[in-house]
Amino acid sequence: MKRILSILVLFILVNCQSRKVHWLLIQNEDIPSKNPPFGYSSGYINTKGDTIVPLNKYGRCFTDTVRSYAVVYDEQEGLIGIDLKGNKLFNAVWSQEGDNIKEHEGMILIVENGKYGFANDKGKIVIEPQYKCAESFHNGKAKVSQNCSLANDEHEKWKMKTWFFINKKGKKIK
């Protein structure tokens, strides 16, 4: 089993080097997470196989292949985006399935003080958190609102009374 795992890791490392991947997710189901709801431990290795983020440094590591930033669960900070030096970039957003909301079209939904905005695929905040409700980008636009509430619906997170669309620069689309 270890030989198969080693071959698989080597294959992934060779493929990822051509796409400028810096870190790869590692998981160990034999070592419990220090944060019990997450079950198993996780961390990151670089493309040479060196440990970059040791198992259990964070309650959970969510991003599979890290190019510019990773989403992790930190016990003090919560769900956050970190850069390649481990610095906090932004607060990430939980999905309804208990995972982080993934990047869509090069933009990731972020939250600060109950307001939503967006960071780009480099982890840089490009639309400051300012909306009471927001959804991920699709077809170059995101649905946002200042007049909304949480929905009691398994298919939709928000009940928006009035909403509008913004582009990737944060400008309202008419």
Does Ser33 satisfy the condition of being at pLDDT below 95, buried (at least 17 other Cβ atoms within 10 Å of the Cβ) and out of contact with any helix residue (DSSP H, G or I) (no Cβ under 6 Å at 6 or more places or on another chain)? yes
Does at least one position in the range 141-162 carry a residue that is assigned to a loop (DSSP other than H, G, I, E, B), surrounded by fewer than 20 Cβ atoms within 10 Å (Cβ to Cβ) and in contact (Cβ under 8 Å) with a residue 40 or more places away in the chain? yes
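I'd like the full set of residues that are in a strand (DSSP E or B) and without any contact (Cβ under 8 Å) to a residue 24 or more places away in the chain, limited to the range 93-107.
Listed by number, the list holds a single entry, Trp94.
The values are calculated or read from the model by the stated rules, or taken from the named source; none is laboratory data. Just so it is clear, the model here is predicted, and its values are computed rather than measured. Here Cβ is always computed from backbone atoms with ideal geometry, including for glycine, and neighbour counts include all displayed protein chains.
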